[in-house]
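Encoded as structure tokens, the structure appears first; notes follow it.
The values are calculated or read from the model by the stated rules, or taken from the named source; none is laboratory data. Being a predicted model, the structure only gives us computed values, none of them experimental. Neighbour counts run over all protein chains shown; Cβ positions are idealised from the backbone, glycine included.
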């Protein structure tokens, strides 16, 4: 301590009640934050990503048929580079396959993407996630 | 310049130097963002209402900043408003200049894209312009002492400290918030990592200001226990950094579709640099 603390230092003045009130609210918020994460850290498993695809909308466009979909990850870990493949099959033959890749589908979250078919997918398409990597 | 003085004693050279300093500050502080790919892309796809909110929020921030650390002699709100608008203008100019210079923007691009990219980058650049003009400029000791908050009311002093933390957190937070690394890091982290990150942020914030005794005049007196400062300054500072991190992430569409717990983890990741920025601002500004 080469120089003594300045008398005017904001820390050393007698604190106004507002400062204590702000501090108390902040301490409470930090505790809630830590408590929330801590609770989930204890209760949550560490299972692999669990991906499911739901179709949001399907519409004809000039260049083809656009199908928007949501990928939901109900697992506890995040999936990266999620490959989503859509197939149109007639009878037993697959007549068209389209594919897209989503960067991330975070744990217990959703991500949206779109696939563009040349043929009308109505009633004969199947869209599913076919693979991912760990981030 | 209506309030600054009469026409006769208006110093053109000094004014030009001030503008140049502001421009230099904008470049110095915002170049990392100008050169970030995610920021260009955000200019295209950012929700226009979120962009508008960001641009509006920046105005009071600049005015308060001008008032607090201001250009040479800011003594009225009117002058603070003047300096803030000059800084905003300089920031926009610097943003447009650099983005055209590096070929990100081209003359034949759609106007809404151009405006989006320039506007989003103008926010950090304008803060940089204000900081540049005051921090790069040579301030005399006497004018520094006049502004020392000793004479100020107590509430002003405390509010001022919190505001400095806001500026520091916005500054460092904005720099990294748009990058993909923030969400990627949060995906790699477990929740235990997140808890560790929060504790480390708070400890580092406190240590930066109080334990390392940098030149900022924050030495604690004999009769002021450390936990007093922790409750009154460090914890509010962390909450500020965390809230600003959440806001930045929301603005940049990083929280869309994210589970609340996951969103908190991303915010805790971003709050780490923001908290350090907040602590550093109390020492530097």
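Going through (1) out of contact with any helix residue (DSSP H, G or I) (no Cβ under 6 Å at 6 or more places or on another chain); (2) surrounded by fewer than 16 Cβ atoms within 10 Å (Cβ to Cβ); (3) facing another protein chain (nearest Cβ under 10 Å) one by one, residue A:52 falls short only on (3). Picking from residues in region B:168-190 that are within 11 Å of chain A (Cβ to nearest Cβ) and not in a helix (DSSP H, G or I), the one that is surrounded by the most Cβ atoms within 10 Å (Cβ to Cβ) is B:189. Residues of region A:2-23 that are more than 7 Å from chain B (Cβ to nearest Cβ) and either within 18 Å of residue B:163 (Cβ to Cβ) or at pLDDT below 55 (or both): A:2, A:3, A:4, A:7, A:21. What residue, of B:240, B:231, is crowded, with 17+ Cβ neighbours inside 10 Å, within 11 Å of chain A (Cβ to nearest Cβ) and at pLDDT 95 or above? After ruling out the rest, the residue left standing is B:240. Within the option set A:36, A:20, being more than 33 Å from the chain's Cα centre (by Cα) and within 30 Å of residue B:239 (Cα to Cα) holds for one residue only, A:20. Please enumerate the residues belonging to region A:99-135 that are under 19 Å from residue B:190 (Cα atoms) and loosely packed, with under 14 Cβ neighbours inside 10 Å. Those that are under 19 Å from residue B:190 (Cα atoms) and loosely packed, with under 14 Cβ neighbours inside 10 Å: A:133, A:134.
Being surrounded by fewer than 20 Cβ atoms within 10 Å (Cβ to Cβ), at pLDDT 90 or above and within 23 Å of residue B:285 (Cα to Cα) is true for just one of B:24, B:94. Which residue is that? When all the criteria are applied, what remains is B:24.
Among the residues examined, residue B:55 qualifies as in contact (Cβ under 8 Å) with a residue 60 or more places away in the chain, assigned to a helix (DSSP H, G or I) and on the phi < 0 side of the Ramachandran plot. Beta carbons closer than 6 Å, at least 6 apart along the sequence or on distinct chains, pair a first residue in region B:103-114 that is closer than 15 Å to residue B:46 by Cα with a second that is in a loop (DSSP other than H, G, I, E, B) for B:114/B:105. Out of region A:34-49, which residues are surrounded by 11 or more Cβ atoms within 10 Å (Cβ to Cβ) and within 20 Å of residue A:109 (Cα to Cα)? Those that are surrounded by 11 or more Cβ atoms within 10 Å (Cβ to Cβ) and within 20 Å of residue A:109 (Cα to Cα): A:36, A:37, A:38, A:39, A:40, A:41, A:44, A:47, A:48, A:49.
Would you point out the residue of region B:253-275, among those that are touching a residue at least 24 places away in the same chain (Cβ under 8 Å) and out of contact with any helix residue (DSSP H, G or I) (no Cβ under 6 Å at 6 or more places or on another chain), that is farthest from the other protein chains (Cβ to nearest Cβ)?
For region B:253-275, the residue satisfying everything is B:253.
Does region A:87-97 include one or more residues that are free of Cβ contacts under 8 Å to residues at least 24 places away in the same chain and either touching a helix residue (DSSP H, G or I) at 6+ places or on another chain (Cβ under 8 Å) or on the phi > 0 side of the Ramachandran plot (or both)? Yes; the residues of region A:87-97 include at least one that is free of Cβ contacts under 8 Å to residues at least 24 places away in the same chain and either touching a helix residue (DSSP H, G or I) at 6+ places or on another chain (Cβ under 8 Å) or on the phi > 0 side of the Ramachandran plot (or both).
Screening residue A:26 against (1) within 7 Å of chain B (Cβ to nearest Cβ); (2) without any contact (Cβ under 8 Å) to a residue 24 or more places away in the chain; (3) touching a strand residue (DSSP E or B) at 6+ places or on another chain (Cβ under 9 Å) leaves a single unmet condition, (3).
Against the condition within 14 Å of chain B (Cβ to nearest Cβ) and part of a strand (DSSP E or B), how does residue A:111 come out, does it pass? Reasoning before the result, please.
Details: within 14 Å of chain B (Cβ to nearest Cβ): yes; part of a strand (DSSP E or B): yes.
So residue A:111 fits the description; yes.
Identify, please: which residue in region A:114-135 is away from chain B (no Cβ under 14 Å) and assigned to a loop (DSSP other than H, G, I, E, B) and is, among those, modelled with the lowest pLDDT?
Within region A:114-135, the first condition is being away from chain B (no Cβ under 14 Å), and the residues that meet it are A:114-131.
Keeping just the survivors that are assigned to a loop (DSSP other than H, G, I, E, B) gives A:118-124.
Working: A:118: 89, A:119: 86, A:120: 87, A:121: 85, A:122: 83, A:123: 80, A:124: 84.
If we take residues in region A:114-135 being away from chain B (no Cβ under 14 Å) and assigned to a loop (DSSP other than H, G, I, E, B), then A:123 is modelled with the lowest pLDDT.
Scanning region B:191-209 for residues that are without any contact (Cβ under 8 Å) to a residue 24 or more places away in the chain and within 9 Å of chain A (Cβ to nearest Cβ), we see that the one that is nearest to the chain's Cα centre (by Cα) is B:199. Of all residues in region A:67-91, those being assigned to a strand (DSSP E or B), surrounded by fewer than 20 Cβ atoms within 10 Å (Cβ to Cβ) and within 13 Å of chain B (Cβ to nearest Cβ) number 4.
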